[in-house]
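Report on the following structure.
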Amino acid sequence: MGNSLGILNSTLLSKKTLQNPMDYTNYIERRKLIEVMKQVNGEKIPLFEEKLIEKLQPQHKHIYRRLQNYAFNDGSWYRPAHNFVVTSTMVAICRTEGLDERNLIPTAMLHDIGNSLIKILEGKGADWENVDKRIAHRIVGSELAWEILKDLRKEGKIDLQDDEIQVMDDLIMTHDDPYLGIPLETLLEKQHRDADRAFVPSISSWYKDFLNYLDDTKNDYKKTLTPIKFMKQRLAFFYNVPKDNPLQASSALDLSLTKYNEGGSCEPQFTQTGKQIVDHMFKQRSLELFSGVFELPVRQFKRFYSEGLDKEKQYFLSLIDKANHPKDF
Ligand SMILES: [Fe+2]
Ligand SMILES: [Fe+2]
């Protein structure tokens, strides 16, 4: 299991670089940190997407390529990272647990495509908490997914039938239900949800969400958030019994913080593989926190983030390699 602490161990602990630690309580500084993540993602995610595409079934390669045309249209710099994490988690879960690749993987790729038709407002805090947008991106997304899949079928690149596309459409339409207070019902919905939510503890989402929370100056909880409290808040988003908490020793569960998460309830991962992946990332974020990531100067943060992103994407790719071979279809 790799970790991304190279920079933290080698430079931070030498104390030489501690002169200008980042000040995440400062708005300008937060924008600089987000800018660093945008830049690094812009350089690296396309390369990792290529490696992921190599591992996909031929039909899925075509769908992912089509998805890439839409990736930045909502103005979210993290969209390609989300697509990468959700797709690779879904592939790892399906291949490890022998699940329905044919329906789940295209859904994982296309589930948020509706966002490409809905422009987000940059710098307005946690945009994904907007309920209208949560509903709208699914309705628009289901139509766009039909269009894309039918076009690919016409071009002879995929052979998905209408009844299969309908299954995907249903998944797209329900995928954010728990954030709207509606429980998921079917196995497929729950399995897909695991992949979607694996993004939350991933490196890009973690640091972006923490920094964006602090921008919400009207909210007393968010504007005074600390890295440790954020960690506890996120733990209470995924774990509701102490035995499941992957950070046993270093951070006790505080379920009173569950309500501060999107949708306000705790959603433990449903599949074993989904849980393993999320556990791994929580351990990683915890190691980073306790090694002093928030004391790095902005320039050092860039090196840390870049190395961390590499390690994480390698981790996903190696999970897929370790899983069973895909069933042919
Ligand atoms: Fe979504
Ligand atoms: Fe998503």
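No lab work stands behind these numbers, since they all come straight from the coordinates. Computed from a predicted structure; not experimentally measured. Quick reminder, even Gly has a Cβ in these numbers, built from the backbone with ideal geometry, and neighbours come from all protein chains shown.
Could you calculate, for the chain, the ratio of the Cα radius of gyration to the Kirkwood radius, expressed as Rg to Rh?
When Rh is taken as the Kirkwood radius, the ratio is 0.95.
Tell me, D163, D169 in order of fewest to most beta-carbon neighbours within 10 Å?
Ascending Cβ contact count within 10 Å gives the list D163, D169.
With θ set to phi - 60°, apply the Karplus curve 6.51 cos²θ - 1.76 cosθ + 1.60 along region 215-229 and write out the HN-Hα couplings as whole Hz, x wherever there is a Gly or Pro.
6, 7, 6, 7, 10, 4, 5, 5, 5, 10, 4, 10, x, 5, 5
When the chain is fully extended, how far beyond the present Cα-Cα distance does Q166 get from V131, taking 0.36 nm per residue of separation?
Value of the extension gain: 10.2 nm.
Could you give the length gained on full extension between K259 and D216, defined as 0.36 nm per residue of separation minus the Cα-Cα distance, in nm?
My answer for the length gained is 13.8 nm.
Would you work out the relative contact order for the chain, in percent, from Cα pairs under 8 angstrom that are 6 or more residues apart?
Relative contact order, the chain: 29 percent.
With a 10 Å Cβ neighbour count serving as the proxy for reagent exposure, in which order, fewest first, do K55, K154, K222 appear?
Going from least to most buried by this count: K154, K55, K222.
To the nearest 20 Debye, how big is the dipole of the chain about its Cα centre, given +1 on the beta carbon of each Lys and Arg and -1 on that of each Asp and Glu?
I would put it at about 1320 debye.
For the chain, what does -39500 (n - 2.57) per DSSP helix run (n ≥ 4), summed and divided by total residues, give at 222 nm, in deg cm²/dmol to the nearest 500?
Roughly -19000 deg cm²/dmol at 222 nm, from the helical runs in the chain.
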